[in-house]
Amino acid sequence: MKMLDLNGEWELQYCNIGEGKAGAFSEDSSGWISATVPGDVHLDLMAAGKMEEPLYGLNAKKCEWVEEKEFWYRKIFYVSKDDLSADRIELCFDGLDTTAEIWLNGKKAGASNNMLAPCAFDAKGFLNDGKNILLVRLDCGLEAAKGKPLEKYLLPDDIPSRRIWIRKPQFTFGWDWAPRLLTCGIWRPARINFYKEFVLRNVYLRAKLAGKKAVVKAECEIENLGCEPVSAEIKAALKKKKTYSVNIRANLKPGMNRISVPVQVADPQLWYPRPVGGQPLYDFSLEVRTDAGEIDRYQTAYGIREVKLLQQPLGKEGKSWTFVVNGVKVFCKGADWIPPDSILARAGEEKYRRSVELAAEANFNMLRIWGGGIYEPDCFYRACDEMGVMVWQEFIFACALYPDDDPDFCAEVKQEAELAVKSLRNHPSLVLWCGNNENDWGWATGWWTKADRYYGLKLYSEILPQVCGRFDPDRPYWQSSPFGGADPNSHLEGDRHTWWVSIQGGINEEKFDYRNYARDESKFTSEYGILAPSPIETLKKCIPENELNPSSESWKFHANTFDNTVKGTYQMGMLRYNYDDEPQNLPLEEFTMGLQLIQGEAYKFSIEHYRRRKFFCSGDLFWMYADCWGAASGWTIVDYYLQRKPSFFFVKKAYAPVLVSIKEEEFGLSVWVTNDLLQDFSGTLEFGQKDFFGKEFLKKKIRVKVKANSSKCVVRAARTGEIDMLACYNIQRFFYARLKAGARTVCENRHFFSLLKWLKTSLPKAKLEHAVKGNKLVVKTDNFAWAVKVDLPEGLVPEDNYFDVFPGETKEILLRGDLNLADQVKVKAMNQAES
């Protein structure tokens, strides 16, 4: 097989829909601007000086004219006479956004109306020897959806409602955390494939474990393009330190041939999610040869593993919902993933890889690909394979009724799903297919009570599971999220979206008090979140300087829609309840920092709660991981520019492989150790009670042993005796626990006896000293130092930040990067004494 790369430089012109064909086919070169493929028209228009950055200020609103235009891409390329002799020639696009017509040398070669699926067209008979002109006409998809019924799906006749008919990322029509920005363009790679004699397609690797060996069955399709049977040799090989291979001969009849080659691997190195085990990847290759030599080859990195979804009785707790990898139960730690850029084509491999690296740094082992986004590019899944981050992949349906009564729509969805499954199924990190986001829950809860039936159910209960069962039978399929039981959002089985704390709370005590997460008994929580503004540094990149206040139009436009007014908002309520009585009077930096700390404390509290319940609860995925644009406020711990927010560090510590946590009980306090490793943990636990000046009221040390992959209560400290009864009312005291292995501190934690709003006024001023010694930052304090912020120049990153230093103690923080910048390090606590 020979490939002609069509990526790189193209030309672009645009006009009103329906008016561009004559101009595009004209020999006149005027009116064209430079374009890049893969890309997006917004990027090309910016490069040509015809558009401002859509994600800055209010500019996204100025870009809505794109929705009314059609765009013509033009590429001139050359083909040799020898290439034209190929038995089959396919023009391939990995992504056309959205409604497309393809013209080769003045003749229509094909059409597409699905941004989410790759497409290929027969180009033989369209190409010339020498110069060729390729034209691709695109619009954002709205035109094809005009006139489609909306009323019976309980939607108004407006542009955002048309999304149910358009196979496109649903969030691009606008979401609480994203602007309306309908993309358009050749957004993924393009090429021409020239085949002679044979085509190798759809290689599928299936691993089965049996004792101390594994059998990896390589299934594939080989199309014989000739008219006669041909004998071929097919070799499948897995290589790490040792190579395991199998050669078979097959008589390939004309047309499609389905071949299976089993490769047996002795003592296989198994792929596990982090931190349960390692992520060894074998080099897999499949070669097809005839007497004339090699005719085609497939190569990939492959991890050997099995995955199952365990659902077993838990008595009064209901039924478990636990991922099992290679026979080992795994507690899932992570968040929900959305595309990393509202202009999807702009997110390149570097950003994807860095995003997964940051997730791994935060001790994630799972990302849930939300159903309003996309099937991510291969580089994302490769990074997850390498870093041990499991992927929960949803099909692209979210928060709506979908037209499953339309045969053409169902056929398009079926083809899209087949292509997605075939494309992604060889990634070991992919552990679940899921039908949709919140549609089953929405129907059961009464979001669409006036509909005559649940439109979309056929997709999730018939079409999608049939596709998965046929093309990927070894991986679990789950109908929706949340889903399980008579109530799709039950705490007794399946996964749950825990929004009754936070935005859906009926009363403010539930909505604003994150301690209510302690009442949640989910078997697997796959969505919940706390809003906070972005750091000042982030805000300056996306909002004009003169609008850096919550009342400005740009701020409100970039704010989450649950929090887009100044007074009476969710964030203001959180601040009043947890931090300060009059938040509107706070300086901007304190306003943003206060809410960021609340978000961090909330995620810390919820994660520790769910992890203590291991495996009564088998996973904690919060909403959401990172932003798709510069957000003034949001749910995330990483911003659009891949900067760690304060909450990142709270989450990182709460997701540590070995965690010590403190739980408030009716009798007092309990101390728990959660161990996610497959080795027992033995160490020393120091715990006690101090005031913020360092006076000790309780100090104990015990030996603890916690079994592998378990959570255990190791201390029960009653209010009488071990904890001073008055401590509950003395807001100048705290309880601490420190877990050590030998002299090394594995983990430490603290419990305050008050809300943060009272803590803020009761903390004494702390005098900090700091110095950089080698690659470590050493911070020392006299009194309790709360939320110590380390400001570092670009190029230097701290292992921890926004940390506490107990009174009279010293903390060492590892620094990574250019240590020549260490003299620029600044350290400040929230209760810092004025120097």
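Mind scanning 61/541; 124/253; 148/450; 319/422; 196/253; 351/773 and naming the pairs with a C-alpha gap bigger than 25 Å?
319/422; 351/773
Just to confirm my numbers, what's the Cα centroid distance between region 524-550 and region 614-661 in Å?
After rounding, the separation between the Cα centres reads 14 Å.
Could you work out the helix-only [θ] at 222 nm for the chain, with each DSSP H run of four or more residues adding -39,500 (n - 2.57) and the total divided by the number of residues, to the nearest 500 deg cm²/dmol?
About -5000 deg cm²/dmol.
Pairing the Cα long axis of helix 588-612 with the longest principal axis of the chain, what angle in degrees results, from 0 to 90 and rounded to the nearest 10?
Once rounded, the angle reads 90 degrees.
Once you have all Cα-Cα distances for region 744-793, histogram them in 10 Å bins from zero and send the whole-percent values.
18, 44, 32, 7
Mind pulling the angle between the C-alpha long axis of helix 349-361 and the longest principal axis of the chain? Nearest 10 degrees, somewhere in 0 to 90.
Roughly 30 degrees, rounded to the nearest 10.
Please report the relative contact order for region 346-485, taking Cα pairs under 8 Å with a sequence separation of at least 6, and give it as a percent rounded to a whole number.
The value is 26 percent.
Per-residue counts of other Cβ atoms within 10 Å, averaged by peptide: what ranking do you get for 363-374, 786-797, highest first?
363-374, 786-797
Taking Cα centroids, how far is region 25-55 from region 491-512 in Å?
So the separation of the two Cα centres works out to 46 Å.
Relative contact order, percent, of region 78-162 when contacts are C-alpha pairs under 8 Å separated by at least 6 residues?
This gives 32 percent for region 78-162.
Taking 2.2 N^0.38 Å as the expected size of a compact globular protein, what ratio does the Cα radius of gyration of region 398-495 give against it, to two decimals?
The reported ratio for this selection is 1.11.
Straight-line reach only, C-alpha to C-alpha below 18 angstrom: list the lysines that residue 776 could link to, leaving out same-chain residues fewer than 8 apart.
The qualifying lysines are 789, 811, 826, 828.
Rank these by accessible area, largest first, 1.4 Å probe: 519, 163.
519, 163
Compute the long axis of helix 407-424 from its Cα atoms, compare it with the longest principal axis of the Cα atoms of the chain, and write down the angle in degrees, 0 to 90, nearest 10.
70 degrees
Enter the accessible area per residue of region 29-86 (Å², integer; probe 1.4 Å; all protein chains in place).
45 Å²
Lysines near residue 241 by alpha-carbon distance under 24 Å, same-chain residues fewer than 8 away left out - which ones?
Reachable lysines: 208, 212, 213, 217.
Determine which aspartates and glutamates satisfy two conditions relative to residue 740: a Cα distance under 20 Å, and not lying fewer than 8 residues away in the same chain.
Candidates past the 8-residue exclusion: 608, 676, 680, 686, 696, 748, 799, 800, 804, 809, 812.
Find the relative contact order for the chain and round it to a whole percent, using C-alpha pairs within less than 8 Å whose residues are 6+ positions apart.
Reported as a whole number, the value is 9 percent.
Within the accessible area of the chain, what % is carbon and sulfur when the probe is 1.4 Å and the other protein chains stay in place?
Carbon plus sulfur share of accessible area: 48 percent.
Can you tell me how region 9-92 classifies by the Cα gyration tensor, rounded, prolate or oblate, using a/c under 1.5 as the rounded cut? Walk me through the numbers before you get to the answer.
Numbers: a/c = 2.57, a/b = 1.98, b/c = 1.30.
Prolate shape, in that a/c is at least 1.5 and a/b is the bigger ratio.
What order, most packed first, do the peptides 165-175, 109-119 have when packing is the mean number of other Cβ atoms within 10 Å of each residue? Write out the running numbers ahead of the final one.
Details: 165-175: 23.2, 109-119: 20.5.
The peptides rank, most packed first, as 165-175, 109-119.
The values are calculated or read from the model by the stated rules, or taken from the named source; none is laboratory data. None of these values were measured; they are calculated from a predicted model. Every residue, glycine as well, gets a Cβ built from its backbone with ideal geometry; the counts of neighbours run over all protein chains shown. Side chains included, ligands, DNA and RNA excluded: accessible areas come from the protein's heavy atoms. Shrake-Rupley method; radii C 1.70, N 1.55, O 1.52, S 1.80 Å.
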